[in-house]
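Notes follow the structure.
The values are calculated or read from the model by the stated rules, or taken from the named source; none is laboratory data. The model shown is predicted, which means the values in this text are computed figures rather than measured ones. Cβ sites come from the backbone with ideal geometry, for glycine too, and all protein chains shown count toward neighbours. Each accessible area value is taken on the protein alone, full model and side chains, heavy atoms only, with ligands, DNA and RNA left out. Shrake-Rupley method; radii C 1.70, N 1.55, O 1.52, S 1.80 Å.
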Amino acid sequence: GRSPLLPRGEAAHTQSKSKKQNALPAPLTEELYQKVLMELTGEPKRTFKSWIQDYRDRKNPTEELISCIKTLAVYSTTLKKIFDDQHKGFLAALKLQVDQQKQRQEQSYIERQQYVMQRAWHSYNG
C-alpha cells in the first residue's frame, strides 16, 4: 500500500516514477523478461540480467540494449520469437508503404490521362 510517511499524492507519484524507471523498452515486457530468464542459463543469463540492469540504471541506451539482446536469441525461444515477430511486422509495414505508394502513382497517372483526354476533347470540340 501507501507509505504513511508521504502525503497521498506524493506516494502515488513516487510509485509511478519508479515503475516508469524500471519499464523495459519495446518489444520487451516484464512478463517476457521473466520468461526469458527461465529459458537462459549460465553466462547468457548473467549477461542478460546485467544488460537489463545497466539499462534500468540508465547506463545503456535502448538501441544498444536491443541489439545486445538480439545476440542472445539463439539461447532463448522467447527472444527469437519476439525478434522474428518484430521483423515480420516491419516487413509488413514496408510492404504496405510500397503498395500505398504504387496506388498513389497509379491514381496520379489516371488523373493525368483524364486531364490530357479532356484537353484533347476540348481543343477538338473547341
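In the stretch 39-100, the alpha-carbon atoms span a convex hull of 84 Å³ per residue.
Across all C-alpha atoms in the stretch 16-126, the radius of gyration and Dmax reach 25.3, 85 Å. If you count Lys pairs in the stretch 53-118 whose Cα atoms are under 25 Å apart, skipping same-chain pairs closer than 8 places in sequence, the total is 10. Backbone geometry of the stretch 98-110 corresponds, through the Karplus equation with coefficients 6.51, -1.76 and 1.60 at θ = phi - 60°, to 3J(HN,Hα) couplings of 5, 4, 5, 4, 4, 4, 4, 5, 4, 4, 4, 5, 4 Hz, x marking Gly and Pro. Among TRP121, TRP51, the sequence by solvent-accessible area, most first, with a 1.4 Å probe is TRP121, TRP51. Once both labels are positioned 7 Å from their Cα atoms along Cα-to-Cβ, the gap between ALA120 and GLU43 label points is 7.2 nm. Figure note: LEU32, LEU37 ranked by solvent-accessible area, largest first, 1.4 Å probe, ligands and nucleic acids not counted: LEU32, LEU37. Working ranking of peptides 90-101, 74-85 by packing, defined as the average number of other Cβ atoms within 10 Å per residue, highest first, is 74-85, 90-101.
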